[in-house]
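K.L.:
Right, I'll just put the structure down here and ask away after.
The values are calculated or read from the model by the stated rules, or taken from the named source; none is laboratory data. Note that the structure is a prediction, hence the values are computed from the model and not measured. Here the Cβ positions follow ideal geometry from the backbone for every residue, glycine too, while neighbour counts run over all protein chains shown. Calculation scope for accessible area: heavy atoms of the full protein, side chains included, ligands and nucleic acids excluded. Shrake-Rupley method; radii C 1.70, N 1.55, O 1.52, S 1.80 Å.
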Amino acid sequence: MTAITAPGLAGPATAARPRIGREWTLALPLAAFFAVFFVTPLLLLVAVSLYADAEMTRFGLDQYIRFFGDTFNLAVLGSTLLLGVKVTALTLLFGYPLAWLYTRSGPRMQSALILVIILPLLTSVVVRTFAWIVILGRDGIVNNLLLSLGLAETPLRLLYTEGGLVAALVQVQMPLMVLPLITTLSRLDPNLLDASAALGAGPWRGFLKVTLPLSLPGIVAGCLLTYAASVTAFITQSLVGGGQMLFMPQYIYQQTITLHNWPFAAAISIVFMVSVMGVVMLFNLLGRASKGYVHA
Amino acid sequence: MPDMQRPTLGSASFGLVMGTLAGAALLLLAAPTLVVLVTSFTDGYSLKFPPPSYSLRWYASLIDAWQLQDAALVSLKLGAVVTAVSVVLGTTAALAIGRSQRAWARGLDALFMSPLVLPALAFGLASLVFFSTAGVELSFLTLAIGHIVVSVPYVLRTTLASLAQLDPALLESSESLGAGRLYTFRRVTLPTIRNGIGAGAFIAFMSSFDNIPVSLFMADARNEVLPIRMWQILENSLDVRAAAVSGVLIAVTVLAMVVMERVAGLSRQLR
């Protein structure tokens, strides 16, 4: 519907809009709430990050200089942003075929599939993380399987490793990837694939040349959500990742709660937020470009 | 004729690859939940899978676990308050933003959605700084305020999605037939968007019930929430009671999901 209202046709459509022009007042309560309890706190966070010392007596850019002057901090930021890339890529690899399977299933199968897909989204994050401890622990399923198959002599250390963390995050974030993909894939015109098949393209060619390019908006939306959620997944990172690896959310928590260094914690938060926003904006740009590609 | 499809190497390998990956994804999605459920019925003291023998002892032990019960009660109360306020604020905002293509509407939409992509832990810290600067002591109220900010986007998103399906011609005809704005809202708009609001409310409740990053900074000692209590249990001692709590949560969640799917078409609203 919205696609039809192209700029050239907007004239008459605008005139037909409901005459009451004061709907915007309905947005005021939430706007006021966000101004006080969301925007102001974030601005204050910026202000606190500009204190030069932990006691908050003088202003200066010291916290940022400290952050960027130490390769340790940069490594934490880098590994956090990279963690998101790994999780997002794997989620796409497994999530896309799942979304594809969904669109090709009958209605009964679809409702069973959708329940399995959204189950992790609605299960408590502590429960999901707890499950991974049971699966990856010394006495866990994977280790028992490996030992009984003779593939390992002694239990492997799977918990508190990055591989284990990535697996847990992929499971947790999978719904965020699959749901937008299902939306775009079910909007695709099935005639396009039939046409491509009739013209002699095999399923691989049809998939790569027709389905995949046309589903790019869904891929971008899914990647955006998955990425943002996995770099900020504090609980999974700290319980499955353990104390061996440090990621930005734990770093912020540690500086605030354990070390009471609010200015540095605030500066780390700002750096982290700006980095995540930067990646998200990059995804958005890609999304806009992919939409242009689809319409062309 | 497209129906004349012979099984070729291409189509066989395509089906095999897609099917295998999709199967692996399904296994990955469902396995952890099933593992927790089975483990929670263990008779032993450790989180071994499969358990040596089965019993309901850890579920029974929850009856005396007053700390866990208190935390669950706080979480339920909090979820109810947060959901109620989020529904009112989110729905009214969606009504304002929904029909407008103007810049202010798109700007507000982006602002209201931003808690979803912003690191929640950073927002938790910002709230702590805000309330301590303002000299407000942490309480149930500050906790609820923090949760509302991160829960509103869900209500807004699902309500906006269902508003998009409302034909503006319906509103115009209702108006031209002499119905007032409130009457039109009650009889035309609300029935159309009811399912969207319902699904949004459900997700908002779940997100509040499950929130740790904001609770970590906003909760005072008297308002300990369930996920934080569980987190501490898991970090300090791998108490099997945590498995039983998880079992209860999974059962309630799956039940609520099935009910919401029947009543509000939850999965359709999520897309």
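K.L.:
Based on C-alpha coordinates, I'd like the Rg and Dmax of region B:178-268, in Å.
P.N.:
Spelled out, the Cα radius of gyration and Dmax of region B:178-268 are 18.8, 66 Å.
K.L.:
I'd like the distance between the alpha-carbon centres of region B:71-143 and region A:115-142, rounded to an integer number of Å.
P.N.:
28 Å
K.L.:
Shifting gears a bit: Residue separation times 0.36 nm, minus the C-alpha to C-alpha distance between A:Leu188 and A:Leu286: what's the value? Let's see the in-between values first.
P.N.:
Values: separation 98, 0.36 × 98 = 35.28 nm, distance 1.99 nm.
Length gained between A:Leu188 and A:Leu286: 33.3 nm.
K.L.:
Here's something else I'd like to know. Kindly rank B:38-44, B:181-187 from highest to lowest mean number of other beta carbons found within 10 Å of each residue.
P.N.:
Going by the mean number of other Cβ atoms within 10 Å, highest first, we get B:38-44, B:181-187.
K.L.:
Take peptide B:30-42, look around each residue's Cβ out to 10 angstrom, count Cβ atoms belonging to other protein chains, and average those counts.
P.N.:
Neighbouring Cβ atoms belonging to other protein chains average 5 per residue here.
K.L.:
Region B:21-50 to region B:233-248: how many Å between their Cα centroids?
P.N.:
Between the Cα centres of region B:21-50 and region B:233-248 lies a distance of 14 Å.
K.L.:
Tell me, what does the Kirkwood hydrodynamic radius of region B:108-198 come to in angstroms if you use every pair of distinct C-alpha atoms?
P.N.:
On the way: mean 1/r = 0.0633 Å⁻¹.
After inverting the pairwise mean of 1/r, the radius is 15.8 Å.
K.L.:
Now a separate question. Roughly how far apart, in whole Å, are the Cα centres of region B:146-214 and region A:25-96?
P.N.:
31 Å
K.L.:
Once the piece of chain linking B:Leu16 and B:Leu62 is laid out straight, how much longer is it, given 0.36 nm per residue of separation minus the C-alpha distance between them?
P.N.:
Once the chain is fully extended between B:Leu16 and B:Leu62, it gains 12.0 nm.
K.L.:
Now, a different point. Can you compute the modelled spin-label distance between A:Arg104 and B:Val263, with each label point 7 Å from Cα toward Cβ, in nm?
P.N.:
Using points 7 Å along Cα→Cβ, the separation is 3.7 nm.
K.L.:
Please compute one quarter of the surface area of the Cα convex hull for the protein assembly as shown and express it in square nanometres.
P.N.:
If you wrap the Cα atoms of the protein assembly as shown in a convex hull and average its projections, you get 30.5 nm².
K.L.:
So if R0 is 60 Å, what FRET efficiency would A:Gln254 and B:Glu172 give, r being the distance between their Cβ atoms, rounded to the nearest 0.05?
P.N.:
Numbers: r = 57 Å, r/R0 = 0.96.
The computed FRET efficiency comes out at 0.55.
K.L.:
State whether chain A is rounded, prolate or oblate according to the following rule on the C-alpha gyration tensor (a ≥ b ≥ c being the square roots of its eigenvalues): a/c under 1.5 gives rounded; otherwise a/b larger than b/c gives prolate, and the remaining case gives oblate.
P.N.:
Oblate, because a/c is 1.5 or more while a/b does not exceed b/c.
K.L.:
Please give the total accessible area that chains B and A bury against each other, computed with a 1.4 Å probe and expressed in Å² to the nearest 100. Spell out each step's value before the answer.
P.N.:
Numbers: alone 16730 and 18100 Å², together 26430 Å².
Counting both chains, the buried surface is close to 8400 Å².
K.L.:
On average, how many beta carbons from a partner chain sit within 10 Å of the beta carbon of a residue in B:106-118?
P.N.:
Taking all residues of B:106-118 together, the mean is 4.
K.L.:
Rounded, prolate or oblate: which fits region B:1-148, taking a ≥ b ≥ c as square roots of the Cα gyration tensor eigenvalues, rounded meaning a/c under 1.5, else prolate when a/b beats b/c?
P.N.:
oblate
K.L.:
Multiply the residue gap between A:Lys209 and A:Leu82 by 0.36 nm, knock off their C-alpha separation, and tell me the result in nm, one decimal place.
P.N.:
Separation in residues times 0.36 nm, less the Cα-Cα distance, equals 42.8 nm.
K.L.:
Mind ordering A:169-177, A:143-151 by average Cβ neighbours within 10 Å, highest first?
P.N.:
Per-residue Cβ counts within 10 Å, averaged per peptide and sorted highest first, yield A:169-177, A:143-151.
K.L.:
Could you work out, residue by residue across A:95-103, how many beta carbons of other chains sit within 10 Å of that residue's beta carbon, and then give the average as an integer? Display every interim value, and only then the final one.
P.N.:
On the way: counts 5, 4, 10, 9, 2, 4, 7, 1, 0.
That average works out to 5.
K.L.:
Going by average Cβ density within 10 Å per residue, which order do the peptides A:258-264, A:224-230 take, highest to lowest?
P.N.:
Taking the mean over residues of other Cβ atoms within 10 Å, the ranking is A:224-230, A:258-264.
K.L.:
For chain A, with every protein chain kept in place, what is the accessible area per residue (1.4 Å probe, Å²)?
P.N.:
I get 47 Å² per residue for this part.
K.L.:
Per residue of region A:260-271, what does 6.51 cos²θ - 1.76 cosθ + 1.60 with θ = phi - 60° give for ³J(HN,Hα)? Whole Hz please, x for Gly and Pro, Karplus curve as stated.
P.N.:
Along region A:260-271, the couplings run 6, 9, 4, x, 5, 4, 5, 5, 4, 4, 5, 4 Hz.
K.L.:
Let me know the shape class of chain B, please: from the alpha-carbon gyration tensor, a ≥ b ≥ c as square roots of the eigenvalues, rounded when a/c is under 1.5, otherwise prolate if a/b is greater than b/c, or oblate. Spell out each step's value before the answer.
P.N.:
Details: a/c = 2.06, a/b = 1.16, b/c = 1.78.
Oblate, because a/c is 1.5 or more while a/b does not exceed b/c.
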